[in-house]
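First the structure, in the form of structure tokens, and then the observations on it.
The values are calculated or read from the model by the stated rules, or taken from the named source; none is laboratory data. Please read all numbers here as calculations on a predicted model, not as lab measurements. Because the Cβ atoms are built from the backbone with ideal geometry, glycine has one as well, and the counts that use them run over all protein chains shown.
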Amino acid sequence: MLYFQLFISLAGICSTGLMLLMLFTSLHEKRKKAATKALYIIPFTLVFSSIPFLMPESLNWLIISLSVVIISATCYLLLPRFMFSTKKEEFAQGNIDERTIMFARKELKPDTERFDQYYTDHPEHKESDRNFRKLPGLLSPQSTFYNPIAYQASDAIFKIVDGLHPFVDGPVGSKIQDISTNDYADFITKWTLKSGAVTVGFTSMKKYHWYSVGGRGERYGKPVDQSHQVGIAFTVEMDQEMVEAAPKSSIIMESASQYLQAGIIATQLAQFIRNMGFEARAHIDGNYGVVAPLVARDANLGEIGRMGLLMTPELGPRVRVGVVTTNLPLTVNKREYDDSYDDFCEKCLKCAENCPAAAIPKEDKREINSVKRWQIDSERCFNYWCTAGTDCGRCMSTCPYSHPNNLLHNMVRWSIRSFPNFRYWAVKMDDFFYGRKSTPGKIPDWMRISGKQ
Ligand code: SF4
Ligand code: SF4
């Protein structure tokens, strides 16, 4: 009997420990509601841990039954993933014409030949694009979340990102340096991490990584050079507090900052590789030849989630992705598909329920161009951006995978990946502590000006 009593007591102590961890983590993250809930639970877990020694002997059967229930539930939750069938990965076929994406369509000027030609070729976009052209637009003073300081700061950062465009490509050094590809890979990885990236990976470039035809600026209508065989992908972190307030103005300022950070890392890396005698092209905000999340996925940096963003093991979708393509023959990472993200997204749906534009599908994946996947409604999403004035990011901020990189959340993310039966309960716990319909946080104090969000 003593063993059963000790077991129940230990279960109570472990629960108390977890709630204390939740309490301190939430306080540190300024999540008051989550901290309060953890605080309320702690007395119950303490009572639970002492109950076995306070109960009369006549209730020993209850202690034994409770122990059996706890052991069974724990075994069920912690069944390892190899005991479950693995989903198969499906790859996209063909490639996208960049002219069809929203940012390229936004740049089309009415009453120009290019504008008329585009809508002659794509009459299906005419009506929806007419709608977003009537809206205030990104960083507009008429938009919902107008904040003069944050908007001007974002505009300043985006201008610097534009200033990097001339450096994405350039002449190649005449002499190839005699350095082993392993040394190159090692140096590139360490330098990229030192420059501020969270993760780095290499992949061999596939047809579906590339845009078929350029869609922005001088690249409009020109075929994309797809000759590079290797893609170097990396992620940079979006600040939690700035993202938390999405879709308020801090999100677009943070997006701009991390596009800049990714742009600096990518352009310096591409320039370095060219200096060493190899071709290299950086793919940065406003100047992509590739679909960056797909390159990053195949470089083993994460998986594509329901909201269409790269979901990383460390920070979920709370990252920006940078890519450099090159003919430097680096050894690429072997792709290891992780189906836990797909499975978790099937159970979660939190982004879809919190999307203010209802742009994220709530249904199962459906077949698009011969591949089963989720596809967001980019017109609805972009229309919301043009009303809000920011790039929204509500999906990113509500995703249970986006929590900060610390002991508590890393434990949960690891358990989600490792134990399929735990995933359903992870969603429920996230709903309980953070709310199913979460409300946007406040923009950080340091960027507040009176009356502005
Ligand atoms: S960015 Fe906003 S509008 Fe777009 S899909 Fe995410 S939540 Fe929806
Ligand atoms: S919020 Fe949920 S459903 Fe959406 S991407 Fe994140 S884990 Fe997947």
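Quick notes on this structure:
- Within the stretch 293-319, the set of residues being under 12 Å from the mean Cα position of the chain (by Cα), away from ligand 1 (no atom under 16 Å from the Cβ) and not in a loop (DSSP other than H, G, I, E, B) comprises A296, R297, E303, T312.
- Considering residues of the stretch 293-331 that are touching a Gly at 6+ places or on another chain (Cβ under 7 Å) and among the aliphatic types (A, V, I, L, M) only, the residue farthest from ligand 2 (Cβ to nearest atom): V323
- Hey, T267 touching a Leu at 6+ places or on another chain (Cβ under 9 Å), among the polar types (S, T, N, Q) and in the same structural domain as K194 (by TED's automatic domain parsing) or not: yes
- Test: residue in the stretch 389-398 that is within 16 Å of ligand 2 (Cβ to nearest atom) and touching a Lys or Arg at 6+ places or on another chain (Cβ under 7 Å): yes
- Look at the stretch 108-131: where a residue is assigned by TED's automatic domain parsing to the domain that holds C381 and a partner is among the aromatic types (F, W, Y), sitting 6+ places away or on another chain with Cβ atoms under 7 Å, you get L108/F115; L108/Y118; K109/F115; R114/Y220; H125/Y119; K126/Y119.
- Boolean, V200 is over 30 Å from S438 (Cα atoms) and crowded, with 18+ Cβ neighbours inside 10 Å: yes
- Hits in the stretch 361-404 (condition: among the charged types (D, E, K, R), in contact with a Ser or Thr (Cβ under 8 Å, 6 or more places away or on another chain) and more than 9 Å from ligand 1 (Cβ to nearest atom)): E379
- Qualifying residue in the stretch 270-291 (condition: away from ligand 2 (no atom under 16 Å from the Cβ), closer than 28 Å to D364 by Cβ, part of a loop (DSSP other than H, G, I, E, B) and at pLDDT 95 or above): yes
- Some residue of the stretch 83-96 being basic (K, R) and assigned by TED's automatic domain parsing to the domain that holds D343: no
- Which numbered condition M429 misses (of (1) assigned to a helix (DSSP H, G or I); (2) within 16 Å of ligand 1 (Cβ to nearest atom); (3) surrounded by fewer than 18 Cβ atoms within 10 Å (Cβ to Cβ)): (2)
Residue-by-condition table, conditions (1) surrounded by 13 or more Cβ atoms within 10 Å (Cβ to Cβ); (2) under 30 Å from F4 (Cβ atoms):
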residue: V69; (1), (2): no, yes
residue: E89; (1), (2): yes, no
residue: K109; (1), (2): no, no
residue: P123; (1), (2): no, no
residue: D129; (1), (2): yes, no
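- Any hit, the stretch 208-216, residues being at pLDDT below 95 and part of a helix (DSSP H, G or I): yes
- Residue among A352, A358 that is within 11 Å of ligand 1 (Cβ to nearest atom), aliphatic (A, V, I, L, M), crowded, with 19+ Cβ neighbours inside 10 Å and in contact (Cβ under 8 Å) with a residue 12 or more places away in the chain: A352
- Failed condition for P329, given (1) surrounded by fewer than 22 Cβ atoms within 10 Å (Cβ to Cβ); (2) touching a helix residue (DSSP H, G or I) at 6+ places or on another chain (Cβ under 7 Å); (3) over 30 Å from D178 (Cβ atoms); (4) not β-branched (V, I, T): (3)
- Residues satisfying the stated conditions in the stretch 400-426, i.e. closer than 20 Å to K33 by Cβ and surrounded by 15 or more Cβ atoms within 10 Å (Cβ to Cβ): P400, Y401, S402, H403, P404, L408, H409, V412, W425, A426
- Qualifying residue in the stretch 417-426 (condition: away from ligand 1 (no atom under 14 Å from the Cβ), within 28 Å of A197 (Cα to Cα) and among the polar types (S, T, N, Q)): yes
- Qualifying residue in the stretch 186-193 (condition: away from ligand 2 (no atom under 16 Å from the Cβ), in contact with a Pro (Cβ under 7 Å, 6 or more places away or on another chain) and either more than 25 Å from P400 (Cβ to Cβ) or not assigned by TED's automatic domain parsing to the domain that holds G316 (or both)): no
- Of the residues T120, T144, T100, the single one that is β-branched (V, I, T) and within 21 Å of K248 (Cα to Cα) is T144.
- Those helices (runs of 4 or more DSSP H) lying entirely in the stretch 1-114 with at least 1 residues over 35 Å from the mean Cα position of the chain (by Cα): 2-28, 32-54, 60-77
- Among residues of the stretch 321-356 being among the aliphatic types (A, V, I, L, M) and in a loop (DSSP other than H, G, I, E, B), the one that is farthest from the chain's Cα centre (by Cα) is L328.
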